[in-house]
Each structure stands twice: as C-alpha cells, then as structure tokens.
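S.K.: What follows is a structure written as structure tokens; I'll ask about it next.
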Amino acid sequence: MNCTQVTTTLQAYLDGQTDEVTTRPMAAHLQDCHHCGLEADTYRKIKDALACRAQPDTGAADRLRGFAKGLLRRADRTPPHQAPGD
Ligand SMILES: [Zn+2]
C-alpha cells in the first residue's frame with residue numbers, strides 16, 4: 001500500500017469501515033510512514049474533538065431552535081407593511 005492509497009482510504013479506516021484486507025496493510029503503513037501516521041493522528045484528534053463537542057452542541061441546537069421559533073413568532077405579530085405608529 002502506498003501513501004496515495006492510504007490517504008484516500010484513511011477516513012473509512014478510522015471510522016472502522018474497512019475490511020481486514022485493507023485494515024492490515026493500512027495499519028502497517030501508518031506505523032512505518034511518518035507522513036501518513038501524522039495525518040492519521042490529526043484525523044483522530046479532529047474526530048475526538050468533535051465527539052467531545054457532541055454533548056454541549058445538543059443544548060446549543062435546542063437554544064438555536066428556540067431562538068428561530070421566537071423570531072417566527074415575532075414575524076407573525078408584525079404587520080408586513082405598516083408598523084404601528086407610522
Ligand atoms: Zn505514507
């Protein structure tokens with residue numbers, strides 16, 4: 001397996017979506033090749049960071065949904081052409 005093949009398959013490999021035929025040479029290459037090993041490390045860190053953020057993000061999504069609902073309600077109450085006092 002060469003660096004190009006590793007790069008194109010790396011995401012699937014880290015997601016555990018590759019079969020044994022791919023996984024084995026991939027793991028060997030990542031150990032031997034500094035460049036690809038570094039790239040795999042970076043992907044792993046990004047994945048970990050995203051996984052850590054998954055929890056607080058659900059709260060943020062709820063807040064955003066509430067905010068959007070509030071905006072819609074305000075838009076319903078405001079007459080489209082004439083504001084009161086005009
Ligand atoms: Zn490589």
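S.K.: What are the residues in segment 1-24 that are within 14 Å of the ligand (Cβ to nearest atom) and surrounded by 15 or more Cβ atoms within 10 Å (Cβ to Cβ), if any?
M.R.: Met1, Val6, Thr9, Leu10, Tyr13
S.K.: Gln31 - would you say it is away from the ligand (no atom under 15 Å from the Cβ) and not aliphatic (A, V, I, L, M)?
M.R.: no
Only the coordinates and a few stated rules stand behind these numbers; no lab work does. No experiment lies behind these values; they were computed from the predicted model shown. Every residue, glycine among them, receives a Cβ derived from its backbone with ideal geometry; neighbour counts consider all protein chains shown.
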